[in-house]
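J.: Okay, here's the structure, questions in a sec.
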Amino acid sequence: SVLIHSYFPIRRFYMPGSYQVDYGYGSENWKPETAPEMIRDIRAGALNDIYYTYIYLPAGTEFKFTQGRSWDINYGGTSGTLSTTGGNLAIPESGVYRVSINASTMKYDIRKGRMGFVGGAVGAGWNPPNVFPAYEMGLASANLFVGLTDFATGNEWKTIDSDNWNNGSLDLDNARSYGSASAGSGTMDVNAGNFPAVSTAGRYRVIWDGRDRDNIKYEMNAAAQMRVVGDGIQGVNAWDPGTSPQMTYNGNGVWTITINLVGGKDI
């Protein structure tokens, strides 16, 4: 008998451009070897074709896409269409963007990149127009969102990057929502199931983590407190969280406090 193994090569895409040095992607701009890698969309019909990333780009940024970490296969484009002879893509205004490509249809899409909480467990309910900005997460770095909000028990929830639901297609301009069958942490699915209900109501910190381009995942932890620690706070033991002053939560991930600080010290 003869055993035959079939396989297809996994394509990987990167975003070299004029922003790399300023944002920690190597010591040179326009360097595919150190450019950020795009997330692989592993949904049925999207695998090896659709790639995307959530990233902050300053005004005036120009970039292209490369298949692999060299210029051997690269794409520019205009008006939503990719081409091997296309020019650089340009960003006119600073902001967080969701950049998507389809290497099969030769299309690209650039739009505001954001992430927020939606569902029966959170204040926005199952209504995407309620999500932004009141239940929005913050971008800590490329493909890494962090957010805090209050969760109720008995209801599931998701994160979503748009103020509307997806229409079920694989179009690049479609909304993307994320969920997981795992409670507390685990691999996320795109436009599929929900996150499970929490067992204890309260405020939680959620990390949306796409830094592993082959396995986007999340982590959820209780976030009841935020304290200021250091050796520069008057009347407080140095670097002692237990006696350090606690901040007040104002909602939407914002904490505030008024304290007396000591010059030349650290917090």
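The values are calculated or read from the model by the stated rules, or taken from the named source; none is laboratory data. Nothing here was measured: the structure is a model prediction, and the numbers come from that model. Please note: Cβ atoms are built from the backbone with ideal geometry, for glycine as well, and neighbour counts cover all protein chains shown. Keep in mind that these areas ignore ligands, DNA and RNA; they rest on the heavy atoms of the full protein, side chains included. Shrake-Rupley method; radii C 1.70, N 1.55, O 1.52, S 1.80 Å.
J.: Every residue in segment 159-197 that is closer than 23 Å to residue 133 by Cβ and either open to solvent by 60 Å² or more (accessible area, probe 1.4 Å) or more than 14 Å from the chain's Cα centre (by Cα) (or both), please.
T.: 163, 164, 165, 166, 173, 174, 191, 194, 195
J.: In segment 32-45, is there at least one residue being on the phi > 0 side of the Ramachandran plot and modelled with pLDDT under 95?
T.: Among the residues of segment 32-45, at least one is on the phi > 0 side of the Ramachandran plot and modelled with pLDDT under 95, which makes the answer yes.
J.: Here is a follow-up. Consider segment 70-116. How many of its residues are closer than 28 Å to residue 144 by Cβ, of a type outside the set (Asp, Glu) and assigned to a strand (DSSP E or B)?
T.: 21
J.: What is the one condition in (1) farther than 17 Å from residue 20 by Cα; (2) in contact with an Asp or Glu (Cβ under 9 Å, 6 or more places away or on another chain); (3) not small (Gly, Ala, Ser) that residue 72 does not satisfy?
T.: (2)
J.: Among the residues of segment 117-127, is any in contact (Cβ under 8 Å) with a residue 12 or more places away in the chain, in a strand (DSSP E or B) and either open to solvent by 20 Å² or more (accessible area, probe 1.4 Å) or not aliphatic (A, V, I, L, M) (or both)?
T.: Within segment 117-127, one or more residues are in contact (Cβ under 8 Å) with a residue 12 or more places away in the chain, in a strand (DSSP E or B) and either open to solvent by 20 Å² or more (accessible area, probe 1.4 Å) or not aliphatic (A, V, I, L, M) (or both).
J.: Kindly check whether there is at least one residue in segment 226-245 that is among the small types (Gly, Ala, Ser) and in contact (Cβ under 8 Å) with a residue 40 or more places away in the chain.
T.: no
J.: Going through segment 27-41 one residue at a time, which ones are touching a residue at least 60 places away in the same chain (Cβ under 8 Å) and touching a Lys or Arg at 6+ places or on another chain (Cβ under 8 Å)?
T.: Hits for segment 27-41 are 37, 38, 39, 40.
J.: Which of (1) assigned to a loop (DSSP other than H, G, I, E, B); (2) over 19 Å from residue 171 (Cα atoms); (3) open to solvent by 40 Å² or more (accessible area, probe 1.4 Å) does residue 19 not meet, given it meets every other one?
T.: Only one criterion in (1) assigned to a loop (DSSP other than H, G, I, E, B); (2) over 19 Å from residue 171 (Cα atoms); (3) open to solvent by 40 Å² or more (accessible area, probe 1.4 Å) is unmet by residue 19, namely (3).
J.: Anything in segment 243-267 that is part of a strand (DSSP E or B) and within 29 Å of residue 145 (Cβ to Cβ)? List them, or say none.
T.: Of everything in segment 243-267, those that are part of a strand (DSSP E or B) and within 29 Å of residue 145 (Cβ to Cβ) turn out to be 246, 248, 249, 250, 251, 254, 255, 256.
J.: Among residues belonging to segment 204-217 that are open to solvent by less than 60 Å² (accessible area, probe 1.4 Å) and outside any loop (DSSP other than H, G, I, E, B), point out the one that is nearest to residue 122 (Cα to Cα).
T.: 204
J.: OK, next. Listed residues 238, 192, 181, 224; which is within 22 Å of residue 140 (Cβ to Cβ) and assigned to a loop (DSSP other than H, G, I, E, B)?
T.: 224
J.: A further question follows. Which one is nearest to residue 146 (Cα to Cα), of the residues in segment 218-242 that are of a type outside the set (Gly, Ala, Ser) and open to solvent by 70 Å² or more (accessible area, probe 1.4 Å)?
T.: This residue is 219.
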